[in-house]
Amino acid sequence: MIETSGERILSGVAASDGLVVGRAVRLASAAELQRTAGSPEEERSVLAGAITRATEQLEALAGAQDETGAEILEFQTALLEDEDLLAPVYAAVEAGQPADLAWIRIIDGEVTEYREGEDDYFKARADDLLDLKERVLAALHGKETAQVKLDGDIIIARDLTPSRFLELDWSLYRGVAICGGSPTSHVAILARARGIPLVVGLEDAPETLVAACPAVLDAESGRLILAPTTETLEEIGRRLRARDADDAAAQSLLGEAAVTAQGERIEILINADDPRVLAEVPVANCDGIGLTRTEFLFSDGALPDEQKQYEVYRDLMTWAAGRPVIIRTLDAGGDKPIPGVTVDDESNPFLGLRGVRLSLLKPEVMKLQLRALARAASLGPLKIMIPMVTVPEEVEAVRALLEAALSELAAQGVAHARPQLGMMVEVPAAALAAERFKVDFFSIGSNDLIQYTTACARDNAAVTGLADAKNPAVLELIRRTVEAAARMGVEVSLCGDMASDPNAIPDLLDCGLRRLSVAPAQVGRVKLAVRRYD
Amino acid sequence: MSELPAETAGPDESADANETVATGEATIQDPTGLHARPAVKLTKLAKTHDATVEIRTGEEGKWVNAKSPNAVMKLKAGSGETLFVRAQGAQADDAVKALVALIERDFDAE
């Protein structure tokens with residue numbers, strides 16, 4: 001039992017936002033060896049029984065899940081029916097190994113193979129095998145992961161597999177802290193989707209926590225505080241009340257214009273990743289659309305024809321009701337492969353053919369999109385944005401395609417208008433020399449700008465900490481772009497994740513930005529952060 | 001699993017008059033590649049046929065058992081890659097046709 005006077009603070013990384021005061025309890029792992037080998041027949045029978053029970057548990061669990069959860073579990077169930085996978089385990093048991101050792105050795109070998117290679121999706125399947133390893137071991141050792149209410153509501157575990165996460169009754173528990181994991185792991189994705197506070201990467205918490213004890217899970221700053229003192233609890237209580245007040249204040253600001261404490265008006269636009277979400281967003285809450293990603297139009301294999309594209313762009317213009325709408329031309333490549341468009345087998349896709357580089361290799365695809373955009377521009381202030389621009393020649397090549405599209409439409413007597421043509425600033429070479437580009441507007445893509453400035457791949461969890469949005473070099477590139485736009489007399493906005501983070505708003509306003517494009521769900525919180533800026 | 005090409009089948013295979021060999025290919029369309037759900041669909045479909053069924057990526061790739069979800073997943077087949085299918089046994093033709101059709105339908109993705 002931990003002494004109640006001895007507060008201990010363990011540091012980790014916040015992976016799903018929240019702040020919880022409760023009682024920490026350890027969730028035991030089944031992954032330790034326990035068996036001494038019986039006869040081969042005995043071990044074979046014990047193993048077969050454990051696999052059957054594990055299969056039954058997974059099937060029962062899958063029935064109660066949404067699609068993401070069900071898919072993870074379905075793959076695990078299929079693995080338990082995989083004769084090629086199980087054959088070497090049974091062979092090891094025949095040769096005299098205890099069932100648990102045989103199972104651990106074979107699955108660990110498979111895990112190593114999954115972790116090799118470049119593709120994060122396939123690497124992450126190693127988690128599924130580890131999940132399965134633990135489940136079968138629990139069955140082997142007679143420690144079924146049945147629903148037993150733990151003596152607390154903040155779960156501490158060495159690691160938490162996706163299936164165990166899904167299995168836990170989240171009406172009974174309010175947060176999790178684990179030693180392993182990363183903010184990009186499956187469990188982190190599941191926790192965020194369900195709004196369950198999660199801290200990952202904690203050092204030695206299960207050893208520290210022998211018995212349940214009072215605790216604070218601070219998934220704002222990534223800490224677990226065991227046996228908090230009265231003073232700590234008072235401070236956390238103040239923060240909890242502030243969070244509640246912020247939520248209420250953000251909600252009340254939704255429909256208001258964003259104004260700083262000094263009375264300066266800030267335009268808040270929204271990112272329309274998928275136009276279907278717009279149905280739930282009142283247009284009066286924002287000043288227009290600052291980024292429309294058009295990749296979704298190209299995601300089902302076939303390239304969309306002009307009419308299909310036009311109808312989608314037309315719907316955006318109708319929704320915006322006269323407010324500006326920025327639509328980005330197809331931004332494929334990098335971590336967004338599109339069959340028939342992107343190039344396979346690049347050794348480093350983020351530094352390869354992506355965005356406008358790829359579009360200029362497929363001018364027919366781009367011209368079709370420009371035609372559809374010019375037609376929709378007849379309905380209101382539509383602005384075309386070019387992604388991944390590095391040199392002015394790329395803008396001029398797109399402009400030539402746009403001119404050709406406009407001439408065609410005029411010759412065919414199709415209703416259209418000339419849209420503004422702007423570019424994303426996400427390559428440092430563009431941010432450092434923005435005045436070289438003859439465009440109508442800039443929009444800073446902070447996600448890629450951070451990636452390229454800090455040399456941290458967006459899909460590599462190991463360098464998450466280095467890819468800091470507030471790195472002075474990143475802020476300097478943003479400031480220079482804003483200043484260049486002012487000298488040129490063109491508009492500038494920022495449309496990356498940074499604009500949706502209330503903590504980053506003061507930095508962006510300090511850089512001179514007065515136009516931000518944010519995730520629809522963050523509009524209220526961003527407006528609150530703007531209001532507090534002076 | 002035999003690595004012999006069909007036309008030079010070994011003595012065991014040629015001894016059985018019912019053994020037929022079939023091949024086919026199709027391209028993976030899903031942007032995530034051959035991920036968990038299509039991999040499971042593919043192995044389940046392969047298992048319904050009385051034949052050894054194997055797949056590989058690329059002309060030089062290693063053939064793996066199409067009835068093993070673990071082996072199929074470890075191909076790490078990405079979007080736009082071609083999957084080659086071959087089968088041997090009583091229902092070899094049907095097996096290859098069914099698998100190629102499943103890949104071409106993009107695994108009946110929603």
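The numbers here are math on the coordinates, done by the rules we state, and not lab data. Keep in mind it's a predicted model, so treat the numbers as computed, not measured. Note that we place each Cβ from the backbone using ideal geometry, even for glycine, and neighbour counts take in every protein chain shown.
Per-residue mean of foreign Cβ neighbours for B:60-73 is 4 (Cβ atoms of other chains, 10 Å radius). The label-point distance for A:Asn471 and A:Ala321, in a model that sets each label 7 Å from Cα toward Cβ, rounds to 4.3 nm. Using 0.36 nm per residue and subtracting the Cα-Cα separation, the extra length available between A:Ala70 and A:Val463 on full extension is 138.5 nm. Averaged over peptide B:74-83, the number of partner chain Cβ atoms lying within 10 Å of each residue's Cβ comes to 5. A crude spin-label estimate for the pair A:Val111 and A:Gln262, with each label 7 Å from Cα along the Cβ direction, gives 5.5 nm. Loop-resident trypsin sites (Lys or Arg not before Pro) (DSSP state other than H, G, I, E or B) in the stretch A:203-275 with no more than 15 further Cβ atoms inside 10 Å of their Cβ are absent. Amide H contacts of A:Gly152 (H built 1.01 Å from N, in plane; Pro and chain starts excluded): no residue 5 or more places away or on another chain comes under 5 Å. The modelled label-to-label distance for the pair A:Leu172/B:Ala90, using points 7 Å beyond Cα in the direction of Cβ, is 5.0 nm.
Would you order B:Phe84, A:Phe122 from fewest to most other beta-carbon atoms within 10 Å of each residue's own beta-carbon? Write down the numbers at each step before the final one.
Numbers: B:Phe84 18, A:Phe122 24.
So the residues, fewest neighbours to most, are B:Phe84, A:Phe122.
Would you mind checking the stretch A:317-346 for residues with the amide N under 14 Å from a putative spin-label position 7 Å along Cα→C-beta of A:Ala415? Residues passing the 14 Å test: A:317-318.
You can think of it this way: the chain between A:Ala284 and A:Glu59 has 76.4 nm of extra reach, that is 0.36 nm per residue less the Cα-Cα gap.
Other residues whose C-beta falls under 9 angstrom from the C-beta of A:Glu220 contribute a net charge of +1, scoring Lys and Arg +1 and Asp and Glu -1. Each of the peptides A:312-320, A:475-483, A:64-72 was scored by the mean count of other Cβ atoms within 10 Å over its residues; in descending order, highest first, they stand as A:475-483, A:312-320, A:64-72.
Can you list which of the GluC sites (Glu not before Pro) found in the stretch A:148-235 are DSSP loop residues with at most 13 other C-beta atoms within 10 Å?
A:Glu203
Using the Cβ-Cβ distance between A:Ser378 and B:Glu59 with R0 = 45 Å, the FRET efficiency computed as 1/(1 + (r/R0)^6) comes to roughly 0.35. Fully extending the segment from A:Ala91 to A:Ala249 would add 50.5 nm, taking 0.36 nm per residue of separation and subtracting the current Cα-Cα distance. For the stretch A:95-161, the set of trypsin sites (Lys or Arg not before Pro) satisfying both a DSSP loop assignment and a count of at most 10 other C-beta atoms within 10 Å is given as A:Lys149. Taking 18 Å as the straight-line reach from the Cα of A:Lys123, the lysines in range (excluding those fewer than 8 positions away in the same chain) are A:Lys133, A:Lys336, B:Lys74, B:Lys76. Each DSSP beta bridge with both residues in chain A is either parallel or antiparallel, and the antiparallel ones are about 40%. Averaged over peptide B:33-45, the number of partner chain Cβ atoms lying within 10 Å of each residue's Cβ comes to 4.
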